[in-house]
Amino acid sequence: MAARQEAVYPVGWKNGRVAGWLVTVDHKRIGILYIGTSLAWFVAGGILALLMRSQLATPNENFLTKNSYNEVVTMHGTTMIFLVVVPILAGFANFLVPLMIGAKDMAFPRLNALSYWLFLLGGIVLWLSWFSKGGAAHAGWWSYPTLSENFPWASPGHGQDYWILSIHILTLSSLLGAINFLVTIHNMRAPGMTWMRMPLFVWAIETYAILLLVALPALSAAVTLLLLDRTVGTHFFIPSQGGNIVLYQHMFWFFGHPEVYIMVLPVFGMISEIIPVFSRKPIFGYKAVAFSTIAIAFLSVLVWAHHMFTTGLGVGLDSFFMISSMVIAVPTGIKIFNWLATTWRGNLIFDTPMLFALGFIALFTLGGLSGIFLAAFPVDWQLNDSYYVVAHFHYVLFGGSAFGFFGGLYYWWPKMFGRLLDERLGKWHFWLMFVGFNMTFLPQHMLGLLGMVRRIYTYHHGGLWEVYNLISSVGSGVMAFSILIFLINVWQTQVARKGVRAGNDPWLADTLEWYTTSPPPPENFDSVPYVTSARPLRDLRRRLADEAT
Amino acid sequence: MRRKLPSFVLVLLVALATAGVAAAGNGGFAPIAPHSPNASRITDAYWVVFGFAAFVAVLVESILVAFIIKYRSRGRSRAVEGAQVHGHTRLELIWTVFPVLILAVIAAVVFYELPAIDREPSAATNPIHITVEGHQYYWQFDYPNGARSIGTLHVPAGAVVDLKVVSSDVIHSWWIAALGGKIQAIPGRTNHTWFQANQAGVYHGQCAELCGVFHASMLAGVQAQSLQAYHAYISKTAPATIGQQEWSGVCATCHGNLGQGGYGPAISNNTIITQPAALAGILREGVTGTAGAMPPVGNTWTDGQIAALVRYLKKNIYKPASLGATSGG
């Protein structure tokens, strides 16, 4: 063993402070790189959101030009989805899956590093497109043709081409990651860890990876056809020459709706880890939560055309997609009720991770319920493409995913870095974000009902339009301030080193990642206890207590 | 601090709920007042869904807040475990079946309302057929007698109006909230929708699908009026004012109300706007310039329409260079 180590690490430069991160194939470092990079883009995408909210704060505002507004709207959406939510979850998965299943690393460490560096490259390509001829892409994050085609009056210049290139790089990154997660989860679980003893977060990553494999090729195909149209003169999506635009819509949303669940299933997993630990209880229905994850994943590939109710597919197809979309509410409801039941008769401890998890339940429920309006297709004919939809998906993606991953950050931060984030600042962060979020997005439901359509750079109405928009813009500032508090917290904890040192298991948690040191050593564990339940660490604590008495 | 948190959540939720209810009568959660049978039926369906959604929202959030208050730690140590209970088949069944029932009722209501939303009233033997064409960045309407108008659709109040919705450049989306739902105008495809304005008045809307730089300016109006006024409009007013409508609804968006320039270049002193043949080429083919591109805004315009535009421009907009320098802007 010693001889082999010598051969693999013959020189010291790879252990340097910077080089160590550049050449790392350690899943923990890759996970942290993913999370750090995603957070940087979260700030960048958030600044774009603040620009939009400033432009929309009052009627007839001239803060942004109409050209740049369309670029900002496109880049905000693309950044938040492809560079923030999906990769930050990949980061958590990278850091946590091997630790949670008691493995030394991912199945393919080098492939894992490639996934990360492709993600970084894809993001850089996307953001460099601001400087390309014609500016960044400006056809919206779904880039419907013919607006995204290379016509002088549609999307000339190279912004759209960079967007496509970036999507290609990012899908490749995600596909490699997905394969890696699946192989790792299937083959490297600790002795005794059967499927029914696996942490629910790992269940979520299993389904997340499967969904990525199913959904991403449709997106790659769609943007490839678009690229061919733009560069070599095909006309897949140019109707005047026999192309079909609706085909693009189908391909895009066949990816686009599973993508929604790709962005929220791992967060469900995190919530299913956090709620029991801070309720001092087991999850209420382990199997119900695990199987509802699979049910959601399966159903999510059958609902895509609910994004296309105004395309004119006919009431037959619309009816099918209404029913399939409504059916998804059932497994989602099962999860919410199971989380609620988990807090029942618990010893609820309101540390910051728990606050974010409870906030997640409160907000995601509202986002799910507003989705039922959109599934009922005649109602969607009114609400589609209005600010109601903007409000709905921010309740799901920000109130849901972002609250969830912030909870995850507070929860696993001590494991990642060995120090606890400050609780007082954490609570300020939560409450300001909670209030700011509702201020920003609750009034947007009303704006949609008043007739405000999405992606407009300005409006002329005063009255309630102005009131709601102003409240929304002020709220976005409150949210931005809460993120600032988070960054200050990170600074104080890590850079100023004021954070309290965490032991192996500061929360008295249930799963194997808390068995090793904080932060864990390069290969995670010297040995792993034989797993006899879904809560191996609690079993261990009880055994130790029994031995002591 | 820990003790105060749950009550703060409660206060916040109550405040939010009260604000919502207070605002419900005026804007709030109420959709725009419907003025067409299909829009009314959609609003009915909306309130049914709202009722169930509000019920579930209140139920879940109340349980959440109640549990937060009731089972809060009260200073107990983290080492104290809650009741180690889990799993209850009957409960799991209840919260599976109960949402299924709610969703079934919602779906049933949708299917009950659907025929009257989707199809024109069968009593309407003679709907008025109008073609709606989405363009960067205006709506153009073709009436049964061949007349055209831009921006505002004129219809008789009370008549069933059947719309054929098309586009020849990018995807647009037709939406007048008071008169029913959206339908996309998709190049290469013909979509249909309809409405029946139940009283005279002007109903406003705008393009709902991102269609380019001036997406926000692509407004639409429907003027419902008496049958007599409608006939007068399509037989006399529309043909007489089409030149002016083209200018203010199409050209002025980019070139300014006086042709002084804006997003597009100043054209008030450009002689091309007085030459029908040259202007037709630009309108139908668009322009790919160094400073930007002009979409082929007039690719479905007739020679007569272009002649009318030129007449209007000559009379109202065109100012030869020597004069234009002072009064153009």
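The values are calculated or read from the model by the stated rules, or taken from the named source; none is laboratory data. Note that this is a predicted model, so its numbers are computed, not measured. Heads up, the Cβs are rebuilt from the backbone with ideal geometry, glycines too, and the neighbour counts pull from every protein chain shown.
Could you grab me the full set of residues in the stretch B:59-72 that are touching a residue at least 12 places away in the same chain (Cβ under 8 Å) and surrounded by fewer than 19 Cβ atoms within 10 Å (Cβ to Cβ)?
The first filter runs over the stretch B:59-72 and keeps only residues touching a residue at least 12 places away in the same chain (Cβ under 8 Å), leaving B:61, B:65, B:68-69, B:72.
Scanning the stretch B:59-72 gives a single hit, B:I69.
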Only residues that are within 17 Å of B:T43 (Cα to Cα) and surrounded by fewer than 20 Cβ atoms within 10 Å (Cβ to Cβ): list them for the stretch B:148-205, please. B:N198
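Going by the structure shown, is B:I63 within 7 Å of chain A (Cβ to nearest Cβ) and either touching a His at 6+ places or on another chain (Cβ under 8 Å) or not in a helix (DSSP H, G or I) (or both)?
Numbers: within 7 Å of chain A (Cβ to nearest Cβ): yes; either touching a His at 6+ places or on another chain (Cβ under 8 Å) or not in a helix (DSSP H, G or I) (or both): no.
No.
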For the stretch B:152-168, what are the residues that are touching an Asp or Glu at 6+ places or on another chain (Cβ under 9 Å) and either closer than 29 Å to A:I238 by Cα or of a type in the set (D, E) (or both)? B:D162, B:K164, B:V165, B:V166, B:S167, B:S168
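Sort out for me the helices (runs of 4 or more DSSP H) sitting completely within the stretch A:314-413 that have 1 or more residues that are more than 10 Å from chain B (Cβ to nearest Cβ). If you could, list the steps in order and put the result at the bottom.
On the way: elements: A:315-343, A:352-375, A:377-383, A:387-396.
Answer list for the stretch A:314-413: A:315-343, A:352-375, A:387-396.
To keep it simple, each residue is scored yes or no on (1) in contact (Cβ under 8 Å) with a residue 60 or more places away in the chain; (2) over 30 Å from A:T343 (Cβ atoms); (3) touching a helix residue (DSSP H, G or I) at 6+ places or on another chain (Cβ under 6 Å).
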site: B:S77; (1), (2), (3): no, no, no
site: B:V80; (1), (2), (3): no, no, no
site: B:I130; (1), (2), (3): no, yes, no
site: B:E133; (1), (2), (3): yes, yes, no
site: B:D142; (1), (2), (3): no, yes, no
Could you check A:V500 against (1) in contact with a strand residue (DSSP E or B) (Cβ under 7 Å, 6 or more places away or on another chain); (2) farther than 30 Å from B:G212 by Cβ; (3) within 12 Å of chain B (Cβ to nearest Cβ) and say which number it fails? (3)
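Please indicate, with yes or no, whether at least one residue in the stretch A:158-171 is part of a loop (DSSP other than H, G, I, E, B), over 13 Å from A:G123 (Cα atoms) and away from chain B (no Cβ under 13 Å).
Of the residues in the stretch A:158-171, the ones part of a loop (DSSP other than H, G, I, E, B) are A:158.
If we keep only those that are over 13 Å from A:G123 (Cα atoms) as well, we get A:158.
Remaining after also requiring away from chain B (no Cβ under 13 Å): A:158.
The answer is yes; a qualifying residue exists.
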Members of the stretch B:107-145 that are modelled with pLDDT of 95 or more, among the small types (G, A, S) and over 24 Å from the mean Cα position of the chain (by Cα): B:A107, B:A108
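Every residue, every condition in (1) under 21 Å from the mean Cα position of the chain (by Cα); (2) at positive phi; (3) in a helix (DSSP H, G or I), yes or no:
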| site | (1), (2), (3) |
| --- | --- |
| A:K427 | no, no, yes |
| A:F430 | yes, no, yes |
| A:F434 | yes, no, yes |
| A:F437 | yes, no, yes |
| A:F441 | yes, no, yes |
| A:G448 | no, no, yes |
| A:R455 | no, yes, no |
| A:T458 | no, no, no |
| A:E466 | no, no, yes |
The residue that is nearest to the other protein chains (Cβ to nearest Cβ), considering only those in the stretch B:203-217 that are under 30 Å from B:P156 (Cβ atoms) and free of Cβ contacts under 8 Å to residues at least 40 places away in the same chain, is B:A208
Qualifying positions in the stretch A:507-528 - surrounded by fewer than 19 Cβ atoms within 10 Å (Cβ to Cβ) and either under 14 Å from A:D422 (Cα atoms) or charged (D, E, K, R) (or both): A:E523, A:D526
Among A:T224, A:T234, A:T146, which is surrounded by fewer than 23 Cβ atoms within 10 Å (Cβ to Cβ), of a type in the set (V, I, T) and either outside any helix (DSSP H, G or I) or within 11 Å of chain B (Cβ to nearest Cβ) (or both)? A:T234
Are there any pairs with C-beta distances below 7 angstrom linking a residue in the stretch A:417-433 that is under 24 Å from A:L96 (Cβ atoms) to a residue that is basic (K, R) and surrounded by fewer than 18 Cβ atoms within 10 Å (Cβ to Cβ), with the two at least 6 apart or on different chains, and if so which? A:G418/A:R501; A:R419/A:R501
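Can you pull out the residues in the stretch A:273-312 that are within 10 Å of chain B (Cβ to nearest Cβ) and more than 30 Å from B:R78 (Cβ to Cβ)?
If we filter the stretch A:273-312 for residues that are within 10 Å of chain B (Cβ to nearest Cβ), which is where we start, we get A:276-288, A:292, A:308-312.
Scanning the stretch A:273-312 gives A:M308, A:F309, A:T310, A:T311, A:G312.
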Of the residues that make up the stretch B:52-68, is at least one over 48 Å from the mean Cα position of the chain (by Cα) and under 21 Å from A:F350 (Cβ atoms)? no
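Restrict the check to the stretch A:444-457 and report whether at least one residue is within 30 Å of A:V379 (Cβ to Cβ), more than 10 Å from every other protein chain (Cβ to nearest Cβ) and in contact (Cβ under 8 Å) with a residue 40 or more places away in the chain.
Of the residues in the stretch A:444-457, the ones within 30 Å of A:V379 (Cβ to Cβ) are A:444-457.
Those left that are additionally more than 10 Å from every other protein chain (Cβ to nearest Cβ): A:444.
So of that shortlist, the ones also in contact (Cβ under 8 Å) with a residue 40 or more places away in the chain come out as A:444.
Within the stretch A:444-457, one or more residues are within 30 Å of A:V379 (Cβ to Cβ), more than 10 Å from every other protein chain (Cβ to nearest Cβ) and in contact (Cβ under 8 Å) with a residue 40 or more places away in the chain.
Scan the stretch B:203-210 and tell me whether some residue there is more than 20 Å from B:R311 (Cβ to Cβ), assigned by TED's automatic domain parsing to the domain that holds B:A308 and among the polar types (S, T, N, Q).
At the first step, the residues of the stretch B:203-210 found to be more than 20 Å from B:R311 (Cβ to Cβ) are B:203-210.
With assigned by TED's automatic domain parsing to the domain that holds B:A308 added as a condition, the list becomes none.
Looking through the stretch B:203-210, none of the residues is more than 20 Å from B:R311 (Cβ to Cβ), assigned by TED's automatic domain parsing to the domain that holds B:A308 and among the polar types (S, T, N, Q).
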Members of the stretch B:218-228 found to be within 28 Å of B:R119 (Cβ to Cβ) and more than 14 Å from every other protein chain (Cβ to nearest Cβ), listed by number: B:Q223, B:A224, B:Q225, B:S226, B:L227
Only one of (1) farther than 30 Å from B:T253 by Cβ; (2) within 14 Å of chain A (Cβ to nearest Cβ) does not apply to B:I171, and that is (1)
Test of understanding: among B:A240, B:A252, which residue is within 28 Å of A:G451 (Cα to Cα) and under 29 Å from the mean Cα position of the chain (by Cα)? B:A252
What about B:S149, is it under 19 Å from B:A200 (Cα atoms), more than 10 Å from chain A (Cβ to nearest Cβ) and of a type in the set (S, T, N, Q)? yes
If we scan the stretch B:230-244, do we find a residue that is surrounded by fewer than 21 Cβ atoms within 10 Å (Cβ to Cβ), in contact with a strand residue (DSSP E or B) (Cβ under 8 Å, 6 or more places away or on another chain) and assigned to a loop (DSSP other than H, G, I, E, B)? no
Examine the stretch B:98-120 for a residue that is out of contact with any His (no Cβ under 9 Å at 6 or more places or on another chain), in contact (Cβ under 8 Å) with a residue 60 or more places away in the chain and among the small types (G, A, S), and state whether such a residue exists. yes
